[in-house]
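**Student:** Okay, here's the structure, questions in a sec.
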Amino acid sequence: QVHLVESGGGLVQAGGSLRLSCGASGFIFRGHSMGWYRQAPGKQRDVVAVISSIGSTIYSDSVKGRFTISRDNAKDTVYLQMNSLKPEDTAVYYCWTVVAARTYWGQGTQVTVSL
């Protein structure tokens, strides 16, 4: 079964950095796109960044230049390096993939950015 587990969230001050990790299992990791979404209180879950099976990346305009998504296929892990964090980045961050046309989510990890 597909299993995604996020880690690395926490409380940081504005301007700081965090690196999120998502360990994946239950599918051929190297053959699938992976992504990060986030959901703030009272808002819908929105895409942050996606990386394809060949390493192509896309980013939400709100994080371009600050966040970097990457993957390590040898470790079945996708990362989100978050720099220059802002209070508006505060959200639960979810790991995402699609396998056989079905969407899968991790359990989420809380990122809180204080002033």
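The values are calculated or read from the model by the stated rules, or taken from the named source; none is laboratory data. Owing to the predicted nature of the structure, the values given are computational and were not obtained by experimental measurement. Here Cβ is always computed from backbone atoms with ideal geometry, including for glycine, and neighbour counts include all displayed protein chains. Keep in mind that these areas ignore ligands, DNA and RNA; they rest on the heavy atoms of the full protein, side chains included. Shrake-Rupley method; radii C 1.70, N 1.55, O 1.52, S 1.80 Å.
**Student:** Identify the residue in segment 45-98 that is touching a strand residue (DSSP E or B) at 6+ places or on another chain (Cβ under 9 Å) and of a type in the set (D, E) and, among all such residues, is most open to solvent (accessible area, probe 1.4 Å).
**Tutor:** Step by step, filter segment 45-98, then rank; the result is E88.
**Student:** Do any strands (runs of 3 or more DSSP E) lying entirely in segment 6-115 carry at least 2 residues that are in contact with an Asp or Glu (Cβ under 9 Å, 6 or more places away or on another chain), and which ones are they?
**Tutor:** Hits in segment 6-115: 18-25, 34-39, 77-82, 91-99, 109-114.
**Student:** Against the definition (within 12 Å of the chain's Cα centre (by Cα) and not small (G, A, S)), how does L11 come out, yes or no? Let's see the steps before the verdict.
**Tutor:** On the way: within 12 Å of the chain's Cα centre (by Cα): no; not small (G, A, S): yes.
Spelling it out, it is not the case that L11 is within 12 Å of the chain's Cα centre (by Cα) and not small (G, A, S).
**Student:** Of all residues in segment 97-115, how many are farther than 16 Å from S21 by Cβ and of a type in the set (S, T, Y)?
**Tutor:** 4
**Student:** Now for a different question. I need the full set of residues from segment 55-80 which are among the charged types (D, E, K, R), in contact with a Ser or Thr (Cβ under 9 Å, 6 or more places away or on another chain) and under 16 Å from W96 (Cα atoms), in order please.
**Tutor:** R71, D76
**Student:** Follow-up question, since we're still on this one. So, of the residues in segment 26-40 that are in contact (Cβ under 8 Å) with a residue 24 or more places away in the chain and open to solvent by 50 Å² or more (accessible area, probe 1.4 Å), which turns out to be nearest to the chain's Cα centre (by Cα)?
**Tutor:** The initial filter retains those residues of segment 26-40 that are in contact (Cβ under 8 Å) with a residue 24 or more places away in the chain, namely 26-27, 29-30, 32-40.
Adding the requirement that they be open to solvent by 50 Å² or more (accessible area, probe 1.4 Å) leaves 26, 30, 39.
Values: G26: 18, R30: 16, Q39: 11 Å.
Checked segment 26-40; the qualifying residue nearest to the chain's Cα centre (by Cα) is Q39.
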